1. Among the residues of segment B:291-315, how many are without any contact (Cβ under 8 Å) to a residue 60 or more places away in the chain and either out of contact with any helix residue (DSSP H, G or I) (no Cβ under 8 Å at 6 or more places or on another chain) or under 19 Å from residue B:79 (Cα atoms) (or both)?
2. Output the residues belonging to segment A:26-48 that are out of contact with any helix residue (DSSP H, G or I) (no Cβ under 8 Å at 6 or more places or on another chain) and at pLDDT 90 or above.
3. Cβ-Cβ distance below 7 Å, separation of 6 or more or different chains: which pairs start in segment B:95-123 with a residue that is more than 7 Å from chain A (Cβ to nearest Cβ) and end on one that is part of a loop (DSSP other than H, G, I, E, B)?
4. Does at least one position in segment B:162-169 carry a residue that is assigned to a helix (DSSP H, G or I), closer than 30 Å to residue A:214 by Cβ and touching a residue at least 40 places away in the same chain (Cβ under 8 Å)?
5. Could you identify the single residue in B:229, B:234, B:247 that is surrounded by fewer than 18 Cβ atoms within 10 Å (Cβ to Cβ), in contact with a helix residue (DSSP H, G or I) (Cβ under 8 Å, 6 or more places away or on another chain) and within 12 Å of chain A (Cβ to nearest Cβ)?
6. For segment A:2-117, list the helices (runs of 4 or more DSSP H) that sit wholly inside it and hold at least 2 residues that are in contact (Cβ under 8 Å) with a residue 60 or more places away in the chain and closer than 30 Å to residue B:94 by Cα; which are they?
7. Can you list the helices (runs of 4 or more DSSP H) found entirely within segment A:131-243 that contain at least 2 residues being free of Cβ contacts under 8 Å to residues at least 24 places away in the same chain?
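The values are calculated or read from the model by the stated rules, or taken from the named source; none is laboratory data. As the structure is a prediction and not an experimental result, all values here were calculated from the model. Every residue, glycine among them, receives a Cβ derived from its backbone with ideal geometry; neighbour counts consider all protein chains shown.
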């Protein structure tokens, strides 16, 4: 092989090793979840060939397990995440249109305030938010899980959409206005249809942040039936100790599969979001 | 034409109203409320909340456990930020070559960043598990190697024998090292993506000029890439530091602050104060200390944002 060929081969080898570190843990997870319930922690020797074959029934067991009904957690996660995504898309796109397209006094100062809220650590907000939500009677309800703890999605989403909206040519607005469109009409008929990738980016981030949020969800859901998946999963550790690995990993796989699917489908939108906030920020 | 439109379009306020009200109610009011709480002795299960002034803050300054938590947070940040930034830069350069299927690698490296940290923590508990974990396989191999080789130059290698039953998460130093390594692994993807974009923004002409001046690869990196990447580097460093200051879920899942409080970072300390001791006032004071720590770092980022806005304004 030529010297150049060797170099490229080495390059791929390094890339593969790094990829192994990010992928193999999930392979281990998947195969551990297929071991028998009372089995010992799988070793390297029997990871891929569990005693008594693959136990796919672990999934049915975990989903319908009486004390920790994972199907119920999954339903909660879907409801909460859908609610957050729709709510945040509406809030952010409206605000971003105002900031990007309309001139009004104090516009930049208010936008700057939006950016500043991203600096607030969640830790500062959680105790007062909990007390506020308690007063509102939203604890242990979908309202409490969907509405309060989303300041990052709102600020980041507004920022991201604004950055996108300012790049849409003004001539499109003007044409729509000449056709008699109001501001809302321009927003709805011109800006939104040409911003699908940016909207997808905001939705993707809101989805991931909400699906994997642990701290707020832990506090806002106290009863068994209101827990989202992430909190339910941590309860698995508490109730099984670290003994029944196969069932724990079954639950972990159930939590991760939707996230991975969304990531694989919307991959480039994640990249776009990170890059926009990093470069133009 | 922009100029013939009214300068102050009141409809703008209508568009931004929902999000602005949302942020006011769910971030500005709680921030102010937290400040108020921090000046009171506010037990969550008691009905009287006496005003104590700066009492919580002076108590914190004198409290060795809280000072320890601040110290642990700084140790964690000082270890994880340089490692995280440098590793992401190296990986970004590795995947910036025009090679086949490079996009697949980028995607794979991003995966841990979007995953549930509770699930990832479970995997790391296994990785670090005594006797059966991934690392114990490595140790077994090293032990075997040491036994087979026996000695090098008269030095007996059996002194390096590591007991397989060692629980790394229960050892001072090792638990922290595990958290640092884990954060490097989780945050690799987003940091890498920002660096890739930064690398792409470097004008090719600079490299051509460097080549004309007879620069070797190392010099190209040192005199072109690094200086051109400075703003990206600053951004990544600041955001990584802010995230490091807020480390929570892995500590909750893997160490609960132990062993001997060596991984009791500020976020976890606040969690304990508020939800295990129910001292909401003291917890709020602690959260303001964390806020101050973050602001010290964030001023750089705020300055960058301000500059970006001004530049846009000038361009319009």
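1. 13
2. A:27, A:31
3. B:102/B:95; B:106/B:95
4. Of all residues in segment B:162-169, those assigned to a helix (DSSP H, G or I) come to B:168-169.
Among the residues that remain, those that are also closer than 30 Å to residue A:214 by Cβ are: B:168-169.
Still in the list and also touching a residue at least 40 places away in the same chain (Cβ under 8 Å): B:168-169.
Within segment B:162-169 (the criterion being assigned to a helix (DSSP H, G or I), closer than 30 Å to residue A:214 by Cβ and touching a residue at least 40 places away in the same chain (Cβ under 8 Å)), the answer is yes, since at least one residue qualifies.
5. That would be B:234, the only listed residue that is surrounded by fewer than 18 Cβ atoms within 10 Å (Cβ to Cβ), in contact with a helix residue (DSSP H, G or I) (Cβ under 8 Å, 6 or more places away or on another chain) and within 12 Å of chain A (Cβ to nearest Cβ).
6. In segment A:2-117, A:3-32 are the helices (runs of 4 or more DSSP H) which contain 2 or more residues that are in contact (Cβ under 8 Å) with a residue 60 or more places away in the chain and closer than 30 Å to residue B:94 by Cα.
7. Details: elements: A:142-146, A:151-165, A:170-178, A:183-186, A:196-211, A:215-220, A:229-240.
It comes to A:170-178, A:183-186, A:229-240.
Residues are listed down the side, and each one gets a yes or a no for (1) loosely packed, with under 14 Cβ neighbours inside 10 Å; (2) more than 29 Å from residue B:69 (Cα to Cα); (3) within 10 Å of chain A (Cβ to nearest Cβ):
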residue	(1), (2), (3)
B:281	no, no, yes
B:284	no, no, yes
B:288	no, no, yes
B:298	no, no, yes
B:304	no, yes, yes
B:310	yes, yes, yes
B:314	yes, yes, no
